[in-house]
1. Just checking, does region 197-204 include any residue being under 30 Å from Glu52 (Cβ atoms), touching a residue at least 60 places away in the same chain (Cβ under 8 Å) and assigned to a helix (DSSP H, G or I)?
2. I'd like the full set of residues that are surrounded by fewer than 16 Cβ atoms within 10 Å (Cβ to Cβ) and over 14 Å from Glu2 (Cβ atoms), limited to region 183-210.
3. Taking the condition more than 15 Å from the chain's Cα centre (by Cα) and at pLDDT 95 or above, does Ala54 pass?
4. Consider region 84-138. How many of its residues are free of Cβ contacts under 8 Å to residues at least 60 places away in the same chain, closer than 20 Å to Gln15 by Cβ and among the acidic types (Asp, Glu)?
5. Step by step: first the residues of region 73-123, then only those that are surrounded by fewer than 17 Cβ atoms within 10 Å (Cβ to Cβ), of a type in the set (A, V, I, L, M, F, W, C) and closer than 24 Å to Leu167 by Cβ, then the one that is modelled with the highest pLDDT. Which residue is that?
6. Identify, from the list Arg77, Arg184, the residue that is farther than 19 Å from Pro65 by Cβ and either β-branched (Val, Ile, Thr) or without any contact (Cβ under 8 Å) to a residue 24 or more places away in the chain (or both).
7. Here is a list: Trp143, Trp177. Which entry is within 17 Å of the chain's Cα centre (by Cα), of a type in the set (Phe, Trp, Tyr) and crowded, with 17+ Cβ neighbours inside 10 Å?
8. Can you name the number of the only condition in (1) modelled with pLDDT of 95 or more; (2) more than 19 Å from the chain's Cα centre (by Cα); (3) not basic (Lys, Arg) that Gln34 fails?
Amino acid sequence: MEEVLETYAQPYDAQQPVVCMDEQPVQLVRETRQPLAATAEHPQRVADYEYERAGTAALFMFCEPLSGWREATARQRRTKLDWALEVAHLLEGRYARCAKITLVCDNLNTHTKGAFYEAFEPARARQLVRRIEFCYTPKHGSWLNIAECELSAMTRQSLAGRRIGSLAALRAEIAAWSVDTNTRQRGVEWQMKIADARCKLKSVYPKIII
């Protein structure tokens, strides 16, 4: 926990930005009947409560708290290969000129250096791994991951109460949310410091008996 809090307390470094990532599954559902189109008097109306399951997908959220940037993507699955491809896309795209990134993520068994060797040739995998400094959140401490907060916000603002029946439609929705949020929102100001944790969460610290 303190390692994560210490990471958040560091000033912005353009050559080694702090990037948080999280993921979650989502159920795809499609309408069984065509909704009634919106009119001047009424918004779009769903004609039937019935729906058809259309499989599942995995949401990936990446955010850079100090710059106010976030990006949401979606894949059919969330395997080691999928995770490695998503991270590589960032390292070779947005962060191509950065020496390294500090990646804050949980201890899921797909979030490993070995995942890159399952996705790429050893030389390329090593180049990618050398540019990542991992910072893992503790078990039962996912609330420390800012990307989890971003996922929650996106779910409420863009997906909750809606029926999205295909991976393509899901990708379009979350891409629109990412662009709109990046345009309107500033960086994240993380309030909890190590001193606060030692006071407010003292129950999680070992008790030293002298």
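The values are calculated or read from the model by the stated rules, or taken from the named source; none is laboratory data. As the structure is a prediction and not an experimental result, all values here were calculated from the model. Ideal geometry is used to build each Cβ from the backbone, glycine not excepted, and the neighbour counts take in all protein chains shown.
1. No, the conditions are met nowhere in region 197-204.
2. Thr183, Arg184, Gln185, Arg186, Gly187, Glu189, Gln191, Ser203, Lys207, Ile208, Ile209, Ile210 - these are the residues of region 183-210 that are surrounded by fewer than 16 Cβ atoms within 10 Å (Cβ to Cβ) and over 14 Å from Glu2 (Cβ atoms).
3. Here the answer is no, as Ala54 does not meet what is asked.
4. Going through region 84-138 one residue at a time, the tally reaches 1.
5. Only one residue tops the list, namely Leu81.
6. Exactly one residue qualifies, and that residue is Arg77.
7. Only one candidate passes the filter, namely Trp177.
8. Among (1) modelled with pLDDT of 95 or more; (2) more than 19 Å from the chain's Cα centre (by Cα); (3) not basic (Lys, Arg), Gln34 violates only (1).
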